[in-house]
1. Would you mind classifying region 1-51 by shape? Square roots of the alpha carbon gyration tensor eigenvalues, ordered a ≥ b ≥ c; an a/c under 1.5 is rounded, otherwise it is prolate if a/b is larger than b/c and oblate if not.
2. Calculate, for residue 69 and residue 217, the FRET efficiency according to 1/(1 + (r/R0)^6) with r their C-beta to C-beta distance and R0 56 Å; round to the nearest 0.05.
3. Calculated from DSSP H runs of 4 or more alone, at -39500 (n - 2.57) each and per residue, what is the 222 nm mean residue ellipticity of the chain, nearest 500?
4. For region 211-281, just say rounded, prolate or oblate: build the C-alpha gyration tensor, square-root its eigenvalues into a ≥ b ≥ c, call rounded for a/c under 1.5, and beyond that prolate if a/b exceeds b/c, oblate if not.
5. Work out how much length residue 194 to residue 307 would gain on full extension: take 0.36 nm times their residue separation and subtract the Cα-Cα distance, in nm to one decimal.
6. With the crude spin-label approximation of a point 7 Å out along Cα→Cβ, what separation in nm comes out for residue 3 versus residue 119?
7. For the chain, take the longest principal axis of its alpha carbons; what is the angle in degrees between that and the long axis of helix 371-384, to the nearest 10 within 0 to 90?
8. Can you sort 226, 104, 399 from fewest to most other Cβ atoms within 10 Å of each residue's own Cβ?
Ligand SMILES: Cc1cc2nc3c(=O)[nH]c(=O)nc-3n(C[C@H](O)[C@H](O)[C@H](O)COP(=O)(O)OP(=O)(O)OC[C@H]3O[C@@H](n4cnc5c(N)ncnc54)[C@H](O)[C@@H]3O)c2cc1C
């Protein structure tokens, strides 16, 4: 095994896992490095943040996924740099891992447009820790409002602001509004949770800009029915523990969530190649780093163009297609077969939910909205989860909520000092 061509994959997200999956049977040994011990299904992260699903329903230990693949070694470690001359990956522990072929699939995270100080008061949603932080803050805000004597402070506690109206912002706003208006009212005695305000702020002219205008207009109407206040065309100019400045007006709001902006992992820096404004590595159409035929960059951390000149979107199917493509390239190189042509992205559609009963799906020529779209969205997501247990668990949680309206994962964990608690 040690003599085999060594492929080092950094990142066990959608791109990295697809690559390892598709290299099955190839004459390689693989080392998969991730700084977390689990693969995370990010599209359902908002459901952990909004108390619908438990963390273990959308994440799986990477090591366990490869228990039957002796040629795959899993390492828990944080990559901090690459020595191209020595063909080695440098880990935070100081250890070096040598490669014959390197694939960087380290993803992206949210960006605060130069205001990183906002992160403490307006957490983004990227990891399980982020999701449980948001869940805790949302639930604590209702608890504090219940005991608050000052009406102005109570109103601020019952005002939830989500910044950024892409799919994640819309999904968070819809569920938080449903919780406040439909799930919680019977459980509180001193406050009427139906008076809670959920504000969705978008700097651009409309919500869900990646979707067709008619679907974005439908989503806007559905959010209105759920009681979400949508403010478009106005950027957020400040975030503090007391509230948010939207354009020129200050809105007292104790719970802020950041769902705007993207910043790629520093893969381009590690390789010493150019990056775009979001930090994505500018790779060639074969997804390899210029001047580095043995180093590939895939998924959210790579900047690649589609045939129409538009960038390949930062979504899970794109990362998976790139992982599958690089697996074909590596296999062809090692078996003497002709190399595949340049990478071509096939868009399979865009999906988003609004609350627990409506969704929009944009397949290009076919556009769906409403309950049917929600069912298709649900089935597609259950299909893409890993393992029978997770599929049953998520399907059961959704069915239960659909029938009873009750969220089962309403736990406040990792106690954070309640504001005003001293
Ligand atoms: C809240 C949210 C909702 C989303 N919803 C959707 C959706 O509905 N549909 C959709 O298609 N896409 C959605 N996306 C986007 C989708 O999740 C990404 O496009 C996809 O995960 C990209 O895959 P990737 O392999 O490039 O990176 P990721 O899946 O992000 O994986 C990157 C991996 O690299 C690891 N890593 C990072 N840096 C290091 C390092 N230095 N050392 C070691 N390991 C490292 C990380 O721990 C992670 O496991 C969503 C994203 C988020 C955050």
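Only the coordinates and a few stated rules stand behind these numbers; no lab work does. None of the values given here were measured: they were computed from a predicted structure. Note that we place each Cβ from the backbone using ideal geometry, even for glycine, and neighbour counts take in every protein chain shown.
1. Working: a/c = 4.74, a/b = 2.73, b/c = 1.73.
Prolate shape, in that a/c is at least 1.5 and a/b is the bigger ratio.
2. Result of the calculation: an efficiency of 0.75.
3. Rounded to the nearest 500, it is -9000 deg cm²/dmol.
4. In terms of gyration-tensor shape, oblate.
5. So the extension gain works out to 35.8 nm.
6. Going by the 7 Å Cα→Cβ label model, 4.7 nm.
7. Roughly 40 degrees between the two axes.
8. On the way: 226 21, 104 30, 399 11.
With the sparsest Cβ surroundings first, the list reads 399, 226, 104.
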